[in-house]
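Written below as structure tokens is the structure these notes are about.
Quick note: the coordinates plus some simple rules give every number you see, no bench work behind them. Since this is a predicted model, take the numbers as computed values, not measurements. FYI the Cβ positions are ideal-geometry reconstructions off the backbone, even for glycines, and counts take in every protein chain you see.
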Amino acid sequence: MQSQSEAAAMRAADCLEKFSRHNSYQLYELKDDLINILVNVPQKEVRWHLAQILPRLKLSPDDLMTASTIWFHDFYHSTTSSIVRTESLQAIFNIRNHYPTIKLRQGRRWNTD
């Protein structure tokens, strides 16, 4: 997903997303790498697939903060891709469903009780 070729990065992200639908537990060891890619790769196709993949993984509060900050930014500020905005909002919703003790407070911050 960090390929110089946008087509290769998009295909890799798509394959990983499809794999994660039924095998997300096998991606747990890659979660730090996936979050790093989310932080550093601006390609919209990669970002929307990561918005589908990451909520399926068991994430720490720090991981949630990092990912949700990016998803909020993509939702509120992405003008180039409506699908990135949609998947970012869906990721936030999915995180909220998977982690019911996490509450959104003070605008754009995740807190745990």
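Fewest to most neighbouring Cβ within 10 Å: what's the order for GLU45, GLU6, GLU17, GLU29?
Lowest to highest Cβ neighbour count: GLU29, GLU6, GLU17, GLU45.
Between ALA91, ALA12, ALA51, the GNM of the chain built on Cα springs shorter than 10 angstrom shows ALA12 fluctuating the most.
Taking 15 Å as the straight-line reach from the Cα of LYS44, the aspartates and glutamates in range (excluding those fewer than 8 positions away in the same chain) are GLU6, ASP14, GLU17, ASP74, GLU87. Between ILE83 and TYR25, the modelled label-to-label distance comes to 3.1 nm, taking each label 7 Å out from Cα in the direction of the beta carbon. In a solvent-free Debye calculation with one equal scatterer on each Cα, what is log10 I(q)/I(0) for the chain at q = 0.11, 0.12, 0.20, 0.21 Å⁻¹, listed in the order of the q values? The calculated log intensity ratios at q = 0.11, 0.12, 0.20, 0.21 Å⁻¹ are -0.32, -0.38, -1.07, -1.18.
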